[in-house]
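Student: Got a structure for you, written out below as structure tokens; questions coming shortly.
The values are calculated or read from the model by the stated rules, or taken from the named source; none is laboratory data. None of the values given here were measured: they were computed from a predicted structure. Counting neighbours? That spans all protein chains shown, and the Cβs are built from the backbone with ideal geometry, glycine included.
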Amino acid sequence: MNPDDRKYTREHEWVLLEDAAGAATVGITHYAQDQLGDVVYLELPAVGATVGHLAKMGEIESVKAVSDLYSPVSGDVTEVNGRLAHEPELVNNDPFGDGWMLRVRMADPSELDNLLDAAGYAEYLGQL
């Protein structure tokens, strides 16, 4: 269920390293969207903003609750998924694809070493 090509946080975000220069895509996991229910609104940082490793980067609102979003890596936001402003349900329908949230130029790729791989994340979910 959780793709092997990315890393995961215990707060249920994922990051996919796109290239050797440190470009990365960020989103939330299937588990997170399932727990939230229908997503109705997202507050995400603007292009050019700086996000911090495991620091709050925005909020996600669903029919059930408003929750904080945390960045798996630090760096500068290079792109925000504009479709989510009008189609927040993409987060529910395709959290690992069209429901991505941001693209970041990572400041420190070694931060990936502090995150869980797919097997570690699955094990963590099994403990919840």
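Student: With respect to residue 27, is the statement that it is at negative phi, within 12 Å of the chain's Cα centre (by Cα), outside any strand (DSSP E or B) and crowded, with 22+ Cβ neighbours inside 10 Å true?
Tutor: Considered against the rule, which asks whether it is at negative phi, within 12 Å of the chain's Cα centre (by Cα), outside any strand (DSSP E or B) and crowded, with 22+ Cβ neighbours inside 10 Å, residue 27 comes out as no.
Student: Condition first: among the hydrophobic types (A, V, I, L, M, F, W, C), in contact with a helix residue (DSSP H, G or I) (Cβ under 9 Å, 6 or more places away or on another chain) and under 17 Å from residue 1 (Cα atoms). Now tell me which residues in region 91-128 satisfy that.
Tutor: Those that are among the hydrophobic types (A, V, I, L, M, F, W, C), in contact with a helix residue (DSSP H, G or I) (Cβ under 9 Å, 6 or more places away or on another chain) and under 17 Å from residue 1 (Cα atoms): 91, 96, 100, 116, 125, 128.
Student: Does any residue of region 92-107 turn out to be over 15 Å from residue 44 (Cβ atoms), loosely packed, with under 14 Cβ neighbours inside 10 Å, out of contact with any Lys or Arg (no Cβ under 7 Å at 6 or more places or on another chain) and modelled with pLDDT under 95?
Tutor: Taking every residue of region 92-107 in turn, none turns out to be over 15 Å from residue 44 (Cβ atoms), loosely packed, with under 14 Cβ neighbours inside 10 Å, out of contact with any Lys or Arg (no Cβ under 7 Å at 6 or more places or on another chain) and modelled with pLDDT under 95.
Student: Another one. May I ask you to verify whether residue 44 is among the aliphatic types (A, V, I, L, M), over 22 Å from residue 127 (Cα atoms), under 14 Å from the mean Cα position of the chain (by Cα) and modelled with pLDDT of 95 or more?
Tutor: yes
Student: Name the single residue, out of those in region 53-88 being loosely packed, with under 14 Cβ neighbours inside 10 Å, part of a loop (DSSP other than H, G, I, E, B) and not hydrophobic (A, V, I, L, M, F, W, C), that is modelled with the highest pLDDT.
Tutor: The residue in question is 82.
Student: Quick one: what pairs do we get from region 102-118, first residue within 19 Å of residue 12 (Cβ to Cβ) and in contact (Cβ under 8 Å) with a residue 12 or more places away in the chain, second aromatic (Phe, Trp, Tyr) and assigned to a helix (DSSP H, G or I), C-beta under 7 Å, 6+ apart or different chains?
Tutor: Close Cβ pairs satisfying both conditions: 116/124.
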